[in-house]
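One structure is given below, encoded as structure tokens.
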Amino acid sequence: EKARNALLCIDEQRRLLQHPELTQEQRAMVHTTLAKHLADLQRAVGLDAETNALDSSLLGAVVDLGKGRKLLARVLKLLPQQALSMLPTILRHVFAKQPVRSADMSSADEEARRDMATLKESEEALLETL
């Protein structure tokens with residue numbers, strides 16, 4: 001829930017930065033607020049921004065939730081520099097699950113499967129850049 005709220009606030013702050021009539025002082029306030037919400041987002045998914053440490057159990061708990069996987073897809077787009085540290089844990093949790101037959105999947109499950117395929121493609125693209 002904290003990560004979702006942080007994402008909503010980040011989206012709002014990014015929209016505010018687009019406003020052409022913001023003063024420099026207002027822009028500075030928006031940047032400060034944006035940095036705070038980015039730190040909150042990182043903590044909510046198990047990242048320690050100061051030490052770059054990863055709480056694998058917290059990240060794994062997020063991955064295990066359908067909404068958590070969707071959230072992580074958005075987080076990885078916002079924090080691509082930390083994706084390399086997160087992807088092994090994410091993929092380990094995803095692939096540890098028993099495969100489900102397509103006939104048993106709901107539309108939400110199917111969407112989550114597509115999101116995870118997108119994550120895998122993102123990982124491959126990141127690895128190619130290294």
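Per residue, the accessible area of the chain comes to 66 Å², computed with a 1.4 Å probe over protein heavy atoms only. Across Gln82, Gln18, Gln42, mean-square fluctuation computed from a Gaussian network of the chain (C-alpha pairs under 10 Å connected) peaks at Gln18. Specify the angular offset, from 0 to 90 degrees and rounded to the nearest 10, of the alpha carbon long axis of helix 2-18 from the longest principal axis of the alpha carbons in the chain. Relative to the chain, helix 2-18 is tipped by roughly 40 degrees. Taking all Cα pairs closer than 8 Å and separated by 6 or more residues, the relative contact order of the stretch 1-127 comes to 21 percent. Applying a threshold of 18 Å to the alpha-carbon distances of Lys36/Lys67; Lys67/Lys97; Lys2/Lys120; Lys2/Lys67; Lys2/Lys36; Lys70/Lys120 flags Lys36/Lys67; Lys2/Lys120 as lying beyond it. Once backbone amide H atoms are built at 1.01 Å from N, Leu47 has Asp55 as its partners under 5 Å, excluding neighbours fewer than 5 places away on the same chain. Inter-label distance, Asp64 to Leu8: 2.5 nm, where each label sits 7 Å from its Cα along the C-beta direction.
Helix 66-78 and the longest principal axis of the Cα set of the chain meet at an angle near 50°. FRET efficiency for the pair Ala35 and Arg114, taken as 1/(1 + (r/R0)^6) with r the Cβ-Cβ distance and R0 = 30 Å, rounds to 0.40.
On C-alpha positions alone, give me the angle between the axis of helix 107-129 and the longest principal axis of the chain, in degrees, nearest 10. The answer is roughly 70 degrees. Kirkwood hydrodynamic radius computed over the chain comes to 16.0 Å, based on all pairs of distinct alpha carbons.
The values are calculated or read from the model by the stated rules, or taken from the named source; none is laboratory data. Here the structure is a predicted model, which is why all the values come from computation and not from measurement. Reconstructed Cβ throughout: ideal geometry from the backbone, glycine too, with neighbour counts over all protein chains shown. Just so you know, the surface numbers come from the protein's heavy atoms only, side chains and all, with ligands and any DNA or RNA stripped out. Shrake-Rupley method; radii C 1.70, N 1.55, O 1.52, S 1.80 Å.
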